[in-house]
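What follows is one structure encoded as structure tokens, with my remarks underneath.
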Amino acid sequence: MPLKSKTTGRLISFEGSEGSGKSTQLSRLAAHLQKTGREVVSTREPGGTEIGEQIRNIIVHNSKGDEMCAETELLLFTAARAQVVREVIAPALTRGAVVLTDRYLDSSTVYQGIGRNLAADPVAQVNRFAVGNVMPDLTIVIDVPTEVSLARIRQRASDLPDRMERENIDFYKKIREGYLLLARGLPDRFAVFDGTLGEDALEKKIWATVKERLG
Ligand code: TYD
């Protein structure tokens, strides 16, 4: 399906390791934006659509998940992305909404490319195929030391850690470094925040940056 250009809508993606606090900050930013009277649409990856939630289940909760090869993982994440772009994100942008997404294409670049050592070129190509021309206007990376993010994952009250969360510390170090590297290479699109600042301070900094960068 061809995707129309974005008109006045704006797309902001949140990225970072598990336990970085991005979901909390996404909700807080959504509240600020709603007060301006703009339509705000929040979504998450993998998921955000019925098909995406089913794909998410296969990836993170399938008991046989450990047998999944990295290539399959990439294609499943990007399949969920292709769906949410066409079903949710692109229509919202065409209406002029601000769309906030909890993870987007950079998660595949970092987790499957850098984390799972898949070659950068095919990852970029599949990502491009999935998103078409729907690129983020701003990508917010919440950076926390790996030890902090692992401690937060362990503290989560929910059930057993999922498949991605069972990865070892070296994997998470690669993820953290991967985001920082990506952000350094694309300073116009990325803004990196210190995730150890405390929720309120972080909220203020993110809101100030969004106003400054997106007007
Ligand atoms: P989720 O429970 O939604 O985690 P989080 O709250 O940390 O975002 O699970 C998403 C997991 O999938 C997370 O470990 C990151 C991983 N992931 C990838 O490896 N590649 C991707 O393209 C995406 C979108 C997520």
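The values are calculated or read from the model by the stated rules, or taken from the named source; none is laboratory data. All values reported here derive from a predicted model rather than from experimental measurement. Methodologically, a virtual Cβ is constructed for each residue, glycine included, from the backbone with ideal geometry; neighbour enumeration extends over all protein chains shown. Note: areas computed on protein heavy atoms with side chains; ligands, DNA, RNA excluded. Shrake-Rupley method; radii C 1.70, N 1.55, O 1.52, S 1.80 Å.
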Under 7 Å by Cβ, and 6 or more places apart or on different chains, what pairs join a residue from the stretch 127-140 that is among the hydroxyl-bearing types (Ser, Thr, Tyr) with one that is in a loop (DSSP other than H, G, I, E, B)?
Thr139/Arg189
Quick count over the stretch 116-135, residues being open to solvent by 10 Å² or more (accessible area, probe 1.4 Å) and either under 17 Å from Phe193 (Cβ atoms) or not polar (S, T, N, Q) (or both), is 12
In the set Ser107, Ser27, Ser13, Ser20, the lone residue that is in a loop (DSSP other than H, G, I, E, B) and either free of Cβ contacts under 8 Å to residues at least 60 places away in the same chain or small (Gly, Ala, Ser) (or both) is Ser20
Suppose we filter the stretch 40-68 for residues that are open to solvent by 30 Å² or more (accessible area, probe 1.4 Å), modelled with pLDDT of 95 or more, more than 11 Å from the ligand (Cβ to nearest atom) and not aliphatic (A, V, I, L, M); how many remain?
3
Would you please name the residue that is surrounded by the most Cβ atoms within 10 Å (Cβ to Cβ), looking only at residues in the stretch 82-104 that are of a type in the set (Ser, Thr, Tyr) and not in a helix (DSSP H, G or I)?
Tyr104
